[in-house]
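The values are calculated or read from the model by the stated rules, or taken from the named source; none is laboratory data. Being a predicted model, the structure only gives us computed values, none of them experimental. Cβ atoms come from the backbone with ideal geometry, glycine included; neighbour counts cover every protein chain shown. What goes into the accessible areas is simple: the full protein's heavy atoms, side chains included, and nothing from ligands, DNA or RNA. Shrake-Rupley method; radii C 1.70, N 1.55, O 1.52, S 1.80 Å.
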Amino acid sequence: QVQLVESGGGLAQPGGPLRPSCAASIRTSSSAPMGWFRQAPGKQRELVARIFSGGSTNYADSVKGRFTIPRDNAKKTVNLQMNSLKPEDTAVYYCNVRMGKDYWGQGTQVTGSS
């Protein structure tokens, strides 16, 4: 069974950084795409960033140049380095891995202050 556990959300200082982390269970394939999604109140869940086994990435236009998604295949972790946070980044952030189907973490609240 694939399990994802997030940590490291919270309230950021204005424009400050946060670095949520996601640890995947041992059954997670290191070749599976991993990513971060977010869902703000009253909105649909949306892709923030995704990284593939070869290291290629894609990002939502709204976070390009501010967020990066480092991945450690040996440790089975994927982080989300969030810089220059804005109030509109406020949402619950979910870790995701795609192995035949989508698996999700429990979510971590991120609040960008003005």
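Residues of the stretch 58-112 being assigned to a loop (DSSP other than H, G, I, E, B), surrounded by 13 or more Cβ atoms within 10 Å (Cβ to Cβ) and more than 11 Å from the chain's Cα centre (by Cα), which ones? Ala60, Arg66, Asn73, Lys76, Asn83, Ser84, Leu85, Lys86, Thr90 - these are the residues of the stretch 58-112 that are assigned to a loop (DSSP other than H, G, I, E, B), surrounded by 13 or more Cβ atoms within 10 Å (Cβ to Cβ) and more than 11 Å from the chain's Cα centre (by Cα). Contact map, the stretch 21-38: first residue under 18 Å from Lys101 (Cβ atoms), second residue hydroxyl-bearing (Ser, Thr, Tyr) and open to solvent by less than 20 Å² (accessible area, probe 1.4 Å), Cβ cut-off under 7 Å, separation 6 or more or different chains; pairs are Trp36/Tyr93. Among the residues of the stretch 1-57, those that are more than 13 Å from Thr77 (Cβ to Cβ) and among the charged types (D, E, K, R) comprise Arg27, Arg38, Lys43, Arg45, Glu46, Arg50. Selection of the stretch 18-52 for residues being in contact with a helix residue (DSSP H, G or I) (Cβ under 9 Å, 6 or more places away or on another chain) and part of a loop (DSSP other than H, G, I, E, B) yields only Ala40.
Conditions tested, residue by residue: (1) farther than 21 Å from Pro14 by Cα; (2) modelled with pLDDT of 95 or more; (3) not polar (S, T, N, Q).
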{"site": "Phe67", "(1), (2), (3)": "no, yes, yes"}
{"site": "Gln81", "(1), (2), (3)": "no, yes, no"}
{"site": "Lys86", "(1), (2), (3)": "no, no, yes"}
{"site": "Lys101", "(1), (2), (3)": "yes, no, yes"}
{"site": "Thr111", "(1), (2), (3)": "no, no, no"}
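Entry remark, the stretch 49-67: residues being in contact (Cβ under 8 Å) with a residue 24 or more places away in the chain and more than 21 Å from Val2 (Cα to Cα) number 2 in total.
Selection of the stretch 22-43 for residues being surrounded by fewer than 13 Cβ atoms within 10 Å (Cβ to Cβ) and either of a type in the set (D, E, K, R) or within 16 Å of Met82 (Cα to Cα) (or both) yields Arg27, Lys43. Taking the listed residues Gly15, Gly55, the one that is outside any strand (DSSP E or B), open to solvent by 30 Å² or more (accessible area, probe 1.4 Å), modelled with pLDDT under 95 and closer than 22 Å to Lys86 by Cβ is Gly15, with no other qualifying.
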